[in-house]
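Have a look at the structure below, then the notes.
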Amino acid sequence: MIDKPKKAFHGGAFFGAIGESLRSLERADEVISADVLDAWYDPSPRVISSLAEHLPWLIKTSPPTHGEGLREVIAEQRGIRAESVLLGAGTSSLMFLAFPQLINPGDRVLVFDPSYGEYAHLVENVVGGELVRFELPLASFDPDIESLIESAQKVKMVVVVNPNSPTGRVVARGDMERAVKSCPETIFWVDETYIDFVAHQSMEKLVAECDNLIISKSMSKFYGLSGLRVGYLVTSTNRVSEWERLSPPWSVGLLGQLGAIEALLDGEYYKAQVTETMQLRGELVSGLVQLGVEPVPSVTNYVFGSLPEGGVADLVAGLAARDVFIRDANNLSPRFGDEWLRIAVKDGPSQTRLLGAMKELLA
Ligand SMILES: Cc1ncc(COP(=O)(O)O)c(C=O)c1O
C-alpha cells in the first residue's frame, strides 16, 4: 500500500460547501469563508476592467515567459531592483522551489510556534530538516528579540511570518533588522503576506544590504488576487539568478501577470481598503468580546483569539453546518487544546451573520 502523501493542514473547508467540482459557484454567495484569509474586498476595479476587456485573448495567449513586465512594475513600485525579484505562481510554489536549495536534511530551522503550518511541513516532510519551535509567549504572542537572536545563532535558517498568522501580531521592522544583522551566518526567510496592512514595516529594501535575507511576498491576500496565483521572492541578485535556473517558464499566467500589474498601480484603492478593514476588524472584535472570546490585538485582516472554556471544535462544526466557516487554530501549536480560533475580517453583513450564528451556538 502506498502511504498517503503528507500535506500541511489549511483552512479552506468552505470550498466543500460550495462544491469542489466548481459546478455550483452560485453557492459562494451563501457561504462565509472566514476560515481563509482572502481579502473581503474585491480586487481593484482596474484589475477587473482590464481582465474583462481582453479576457478571451488573455486566456488563449502565452504570457511573457518570465514575467519581465511584472518584475519591472514590482521593482518600480516597491523601490527594489528587478534583478532581486523571482516570480512564482503564488509564494507557495516559491517556498517549495527554494527550501530544498536552502536547507539540507538534518539542518535546524527555527519556526515560530504558532505560525503558518506550511513551514513546519516544508522543514519536516519536504526537506527532512529539524524543526526548532520558537514558542511565542501565550500572553502576547510577541517574540522576545534578544532570545530570538540567541536562538537564531544556533540554526541554519529562521522563518518569520510577519505579521504572523494565526496571531495577527507584527515584529517591528527595526527589531527584525537587528535580528537579521546580528546573525549574518543564519538565513532569514521573512514571509510578508500580510505586511501591507501595516504601514512602513516591509523589509524588501533591506535585501540590498543583507545577503542572508529572503522576503516572501504573496499578492494573494492584500491585493485580493488569491485565485490568480501570483507571488514573488526578494533576495540577493545572485540567489535570484541561481534559482531562475530552476524556475519553469510561464510560471505566472497571463491573467495573473496583468492582474498583478494593475493592482500594483492602484495603491490608492488598496489604501482605502486598509482603512475599511480596520473599521470592520474593530466591529468584529467588539462582537467577539461580547460573546466571551478573548482576542489578541491584531494588525491584520484577521482576528486570533481564545474561548477560555474551550469548545472551539464544536463551535467550528456548528458554524460549518450553517455555511459559516472559521478556522480551528488548535492544530497550529502542540501547546493548544480546544480554545484557539482565527476568523478573517469580512464585509459588514457577513460579520453580522457570523456573530449571530456564534451567539446561538455559544448560548
Ligand atoms: C502566511 C502565509 N504565507 C504564504 C501563504 C501562501 O500564499 P500564496 O501561495 O497564495 O502566495 C499564505 C496563504 O494563506 C499565508 O497565509
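Bear in mind that the values in this text are calculations on the coordinates, not laboratory data. All values derive from a computational prediction rather than experimental measurement. Neighbour counts run over all protein chains shown; Cβ positions are idealised from the backbone, glycine included.
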Where a residue in region 111-131 is touching a residue at least 40 places away in the same chain (Cβ under 8 Å) and its partner, wherever it lies, is away from the ligand (no atom under 12 Å from the Cβ) and of a type in the set (S, T, N, Q), with Cβ under 8 Å and at least six apart | Asp113/Ser333; Pro114/Ser333; Gly117/Asn331
Checking Val160 against (1) within 13 Å of the chain's Cα centre (by Cα); (2) more than 30 Å from Pro308 (Cβ to Cβ); (3) of a type in the set (A, V, I, L, M), which single condition isn't satisfied?
-> (2)
For Ser62, all conditions in the list (1) closer than 27 Å to Gly117 by Cβ; (2) part of a loop (DSSP other than H, G, I, E, B) hold save one; what is the number of the exception?
-> (1)
If you go through region 22-36 one residue at a time, how many are assigned to a helix (DSSP H, G or I) and either within 16 Å of the ligand (Cβ to nearest atom) or of a type in the set (Gly, Ala, Ser) (or both)?
-> 1
All conditions in (1) buried (at least 22 other Cβ atoms within 10 Å of the Cβ); (2) within 11 Å of the ligand (Cβ to nearest atom); (3) touching a residue at least 60 places away in the same chain (Cβ under 8 Å); (4) not aromatic (Phe, Trp, Tyr) are true of Thr235 except (2)
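This table checks each residue for (1) closer than 23 Å to Gly305 by Cβ; (2) in a helix (DSSP H, G or I); (3) not hydrophobic (A, V, I, L, M, F, W, C).
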residue	(1), (2), (3)
His10	yes, no, yes
Glu20	no, no, yes
Asp38	yes, no, yes
Ser50	no, yes, yes
Of everything in region 81-126 that's of a type in the set (Val, Ile, Thr) and within 13 Å of the ligand (Cβ to nearest atom), which residue is farthest from Val36 (Cα to Cα)?
-> Val111
